[in-house]
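The structure appears right after this line, and notes come after that.
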Amino acid sequence: MARKTNRREFVQVAGLAASGLMATARPLAGAVPEPQARPAPRTMGARFRALLNGPEPLVCPGAYDVLTARLIQIHGFKSMFIGSSAVNQALLALPDQAVVTVSEIINYDSIIASNVDIPVLADVDDFGATPLARPSMTGCRSTAPPPIRFRVSTPGLG
């Protein structure tokens with residue numbers, strides 16, 4: 001007779017099984033069209049521009065943590081999107097209510113972007129709660145890893 005397992009043992013075994021599945025996962029057939037024979041751009045910015053200017057629509061599924069970002073990459077998508085609500089939900093378990101600052105959003109998005117090899121489009125919007133968004137965005141250019149591209153809709157940055 002099999003012994004009864006507790007919740008902790010179940011979660012540990014499920015985590016090991018999930019990591020094994022991620023390591024052996026292959027991209028879904030037909031999820032994203034096969035790449036055409038073109039020379040690959042060198043930088044993430046150039047790759048992102050090439051994808052935007054390409055003939056097919058650019059599908060950017062939403063990632064909210066490193067796990068979902070890696071799953072998006074494993075399944076063959078060429079780019080991904082990180083919304084500003086992901087930071088509020090992950091750090092504070094609250095809806096997107098401008099509780100976190102722009103610098104916290106940039107730090108969180110940078111961690112996700114540094115763990116994938118595809119371009120990332122990030123929404124860095126705190127509904128105008130950070131009045132000094134321009135210095136924050138200038139600082140993020142030097143600290144953020146190359147694969148990240150920010151979109152800011154803070155009033156006054158037009």
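No value in this document is a laboratory result; all are computed from the given coordinates. What you see is a predicted model; the values in this text were computed from it and never measured. Here Cβ is always computed from backbone atoms with ideal geometry, including for glycine, and neighbour counts include all displayed protein chains.
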Given 46-52, 63-69, 115-121, the highest-first ranking by average Cβ count within 10 Å works out to 115-121, 63-69, 46-52
Amide H proximity to A122 below 5 Å, modelled H, separation 5+ or other chain, gives I82, R149, F150, R151
Phi angles of segment 52-68, converted by Karplus (6.51 cos²θ - 1.76 cosθ + 1.60, θ = phi - 60°) into ³J(HN,Hα) in whole Hz with x for Gly and Pro, give 5, 8, x, x, 9, x, 8, 8, 10, x, x, 10, 10, 7, 5, 4, 5
Computed ³J(HN,Hα) along segment 110-125: with the Karplus parameters 6.51/-1.76/1.60, θ = phi - 60°, integer Hz and x for glycine or proline, the list is 5, 4, 5, 5, 6, 9, 10, 10, 10, x, 10, 9, 10, 8, 10, 10
